[in-house]
Amino acid sequence: GCAPSVFEETARRLRDGDAVVVRRWRHARTESEVSIRKISGSAFLAPDESGAPISRDDKMTDLLAVVVRTIRIF
């Protein structure tokens, strides 16, 4: 699972609203999906149509990165 992350061990705890990049594994880890999620309590918010949160303790989910800055290009 994702907790605790290296980011949390070296920088700070993740907070509600933080954007993170996660990899979700499927089919016995033969397929994966990488997406950006937002932290909400102890779960990642799923931006898909189901809207179901993904638990940070899910063994099929890996935290890859924490988004620390975004740039908007017009």
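General observations
- Only DSSP H runs of four or more residues enter the estimate; each adds -39500 (n - 2.57), and after division by the residues of the chain the mean residue ellipticity at 222 nm equals -1500 deg cm²/dmol.
- Shape annotation for the chain: C-alpha extents along the principal axes are 35, 34, 21 Å, from largest to smallest.
- When a 1.4 Å probe is rolled over the protein heavy atoms, the share of accessible surface on the chain that falls to carbon and sulfur comes to 52 percent.
- Total formal charge among the other residues, if their Cβ is under 15 angstrom from that of Val66, Lys/Arg +1 and Asp/Glu -1: +3
- Percent RCO, i.e. relative contact order, over the chain, from Cα pairs under 8 Å lying at least 6 residues apart: 38 percent
- For Met60, distant residues with modelled amide H under 5 Å away: none
- Charge tally in the Cβ shell below 11 Å around Trp25, where Lys, Arg are +1 and Asp, Glu are -1, Trp25 excluded: +1
The values are calculated or read from the model by the stated rules, or taken from the named source; none is laboratory data. What you see is a predicted model; the values in this text were computed from it and never measured. Using ideal geometry, Cβ is built from the backbone for each residue, glycine included, and neighbour counts are taken over all protein chains shown. Areas reflect the complete protein model, heavy atoms only, side chains present, ligands, DNA and RNA absent. Shrake-Rupley method; radii C 1.70, N 1.55, O 1.52, S 1.80 Å.
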